[in-house]
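Each value in this text was obtained by applying a stated rule to the coordinates, not by laboratory testing. Treat the numbers as computed from the prediction; the structure is a model and nothing was measured. Cβ sites come from the backbone with ideal geometry, for glycine too, and all protein chains shown count toward neighbours.
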Amino acid sequence: MQINVWGQLRGSQTQYRKIYIQNNMLSFFIGAAERTRTSTGCPTATSTLRVYQFRHGRTPGRGRHIRGTGTIVKRKVFAICSDMTDYATVEWAISPQPVAYEAAHAFMEARARAIREDGAAELIWLLEHPPLYTAGTSAKPVDLRAPERFPVFKAGRGGEYTYHGPGQRVAYVMLDVAERGRDVRAFVANLERWIITALKSFNIDADVRDGRVGVWVDRTQPGGALREDKIAAIGIRLKRWVSFHGISLNVEPDLEHFSGITPCGIDDPRYGVTSLVDLGLPVAMSDADEALKQAFETVFEAPTVPVSAPV
């Protein structure tokens, strides 16, 4: 059965939909392009065709039945497709001055709560911190090598010890993971891919490694011993399916400051830390911000809008 549906859907410039229900599957075309959604009703990160599986007349995750005559089916399908919007615009804020960790953490918790309870907009917040160490939920005291050097904060995020300071771009990520399929592994993978895509803007070939959190650059010299350095860290927390904390990208921090901890608990001389400037790329923070913005919109398939920094 084919149903032609007219009308502009929220968040889309497309005015024409072709809906197909065949072999217990519904799919619809958006102009010349096709898009896909997963079985949870959420768009895949890189898909091109939206598909809804129909089981026993029900759309997964939406609780709506498609029954009745062709006219009734057409009306109900149109109602469902009217809800099949792309992700809402994500607010994008950049703090021009270093932000105290306590103030940033308090804001993140409040914003995550507002996203879930009050429908507040999702937010990516870019900032720098003054020099400090944070301890994740898996941090071991032995990995804090210089406890008196900088302030130490319990972050409540996943992971171990990490360093934040001037020259490092921190991106706090307050997104509704429930709207993105309730798949934590896929969400973390997209955070990784976000960083990797941004680094490609500077011709940096970075990637993830099994058993080592973060994004890494292979610096092994021809004929030399293995050497890989971390250029970006990831640590998130979910509360009622809203994320906070996020990622940190080393643009031009003082890499010696990492010596006060065992970064992410990895104590192996083959693995160190690096930055864009350490790799020989004199990248300005504004250039890194633009690369992160473009990569975010590509990977998460969500437009951004600039807003004032919250702190």
_Total charge dipole magnitude, segment 167-311, about the Cα centre, Cβ charges on Lys, Arg, Asp, Glu only, Debye to nearest 20_ = 500
_Anchor K154: aspartates and glutamates whose Cα lies under 18 Å away (excluding residues fewer than 8 positions away in-chain)_ = E102, E109, E128, D143
*In nanometres, what is the gap between the two model label sites at S201 and T220, each 7 Å from Cα along Cα-to-Cβ?*
3.0
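Counting Lys +1, Arg +1, Asp -1, Glu -1, what net charge surrounds H245 among other residues with beta carbon under 13 Å of its beta carbon?
My count for the surroundings of H245 gives +4.
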_Explain nothing, just compute: Karplus ³J(HN,Hα) = 6.51 cos²θ - 1.76 cosθ + 1.60, θ = phi - 60°, for every residue of segment 100-107 in order, whole Hz, x for Gly and Pro._
4, 5, 4, 5, 5, 5, 5, 5
*Could you list log10 I(q)/I(0) for segment 228-283 at q = 0.15, 0.27, 0.30 Å⁻¹, which the Debye formula gives when each Cα is one point scatterer?*
-0.52, -1.12, -1.25
*R182's amide H: which non-local residues (gap 5+, or another chain) put their own amide H closer than 5 Å, with H modeled 1.01 Å from N in plane and none for Pro or chain starts?*
none
*Given charges at beta-carbon only (K, R positive; D, E negative), |dipole| of segment 77-196 in Debye*: 480
*Assuming 0.890 mPa s and 25 °C, estimate D for segment 200-298 with Stokes-Einstein, Rh taken as the Kirkwood radius over Cα pairs, in µm²/s.*
165
_Distance between modelled label sites at T298 and E148, nm, 7 Å Cα→Cβ extension_ = 4.8
_5 angstrom amide H check on G214, placed H, neighbours 5+ away_ = I234
*Taking the Cβ of A110 as the centre, find all other residues whose Cβ is under 12 Å away and add up their charges (Lys, Arg: +1; Asp, Glu: -1).*
+1
*Environment charge at A225 (Cβ cut-off 14 Å; Lys +1, Arg +1, Asp -1, Glu -1)*: -1
_With bins 10 Å wide starting at 0, give me the P(r) of segment 92-209 over every alpha carbon pair, in whole percents._
11, 35, 40, 13, 0
*Please list, in chain and number order, the residues 5+ apart from V273 or on another chain whose amide H is under 5 Å from its amide H, with Hs placed from the backbone.*
K230
*Once a ≥ b ≥ c are taken as the square roots of the eigenvalues of the Cα gyration tensor of segment 103-167, is the result rounded (a/c under 1.5), prolate (a/b larger than b/c) or oblate (a/b not larger than b/c)?*
prolate
